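The values are calculated or read from the model by the stated rules, or taken from the named source; none is laboratory data. This is a predicted model, so every value here is computed, not measured. Cβ sites come from the backbone with ideal geometry, for glycine too, and all protein chains shown count toward neighbours.
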């Protein structure tokens, strides 16, 4: 439908005279008449009755008027959605329950006037592609993975290193431990149905398993974190990794235990990615808000894959110590921390 003709119709209906509508639209009365006539022809009805005092809506015109206004409202929203400074800031997070989503929620609470669109892309490659095309304005990601380099124009600011905890049910052999070392999990099977080949978090957990002797079980189905935690809560062998910032689902009902990992602490390094040429004013506000936050880095020795920490902390790479002895192998099935919903 010709939106210019629709706008002309609405203006004429509100003005009641074609000449007044022409003045408001800065066109001639003849142009107004032609546009209205073309719209009437496309609809197959008469929208106005001409009178000595101007124009009056027909029954069909009265029925069409609210829909015509809705069309113009939709046009305005469509234009605003792609106009920098007016459209919401589009931000990619690894998952809506992840720690970075919480950081973004804090930004929204601090600056409620900034419009936000939150999306979840598949991996860092998809996020970088969206940044390059302008489909998103910023992305919270682990910035790299083996064989991947950020392209020209994409900037990255380290944000925080997310410690992992072991989460078990009350009947798990490790449920009463105040803390454990990753080495104590050697030989155990860790269930991670959300881990699919390709994304950076899969590369992270593959490296974690190789470093500490875990066996990853990625068999599904994956019904989401709530179902996973319910399974773990009722099992004497199941366990999973979650961030120290990830809220547990109904902990009083499930009786879940969250056990810190120490010596070293596995951490997942998060950064903010954006395009250097992005002009959206809210992007600068987001970056300023993140810069005002205290640095998020756990105390003591940490572990992450060398390729991840080198990109996140190029002058402070920490190598893990392999300490402790592994208990007897058990068929533990676990989940994952900073991964999509």
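Just one of (1) out of contact with any strand residue (DSSP E or B) (no Cβ under 6 Å at 6 or more places or on another chain); (2) over 20 Å from residue 202 (Cβ atoms); (3) in a loop (DSSP other than H, G, I, E, B) fails for residue 132. It is (3).
Out of 173, 163, 221, 197, one residue alone is without any contact (Cβ under 8 Å) to a residue 12 or more places away in the chain and outside any helix (DSSP H, G or I). It is 197. Considering 104, 159, the condition of being within 23 Å of residue 246 (Cα to Cα), over 13 Å from the mean Cα position of the chain (by Cα) and surrounded by 20 or more Cβ atoms within 10 Å (Cβ to Cβ) is satisfied by 159 alone.
Among all residues of segment 108-115, there is at least one that is farther than 18 Å from residue 275 by Cβ, touching a helix residue (DSSP H, G or I) at 6+ places or on another chain (Cβ under 9 Å), at pLDDT 90 or above and not in a loop (DSSP other than H, G, I, E, B). Here 265, 202, 240 are screened, and the one residue that is within 24 Å of the chain's Cα centre (by Cα), in contact (Cβ under 8 Å) with a residue 60 or more places away in the chain and assigned by TED's automatic domain parsing to the domain that holds residue 161 is 240. If a residue counts only when it is at pLDDT 90 or above and over 23 Å from residue 122 (Cβ atoms), which strands (runs of 3 or more DSSP E) contained entirely in segment 227-341 have at least 1 such residues? Ranges flagged: 257-260, 265-275. The set of residues in segment 48-60 that are surrounded by 15 or more Cβ atoms within 10 Å (Cβ to Cβ) and in contact with a strand residue (DSSP E or B) (Cβ under 6 Å, 6 or more places away or on another chain) comprises 48, 55, 58. Modelled with pLDDT of 90 or more, closer than 30 Å to residue 291 by Cβ and not in a helix (DSSP H, G or I), is that true of residue 83? It is false that residue 83 is modelled with pLDDT of 90 or more, closer than 30 Å to residue 291 by Cβ and not in a helix (DSSP H, G or I).
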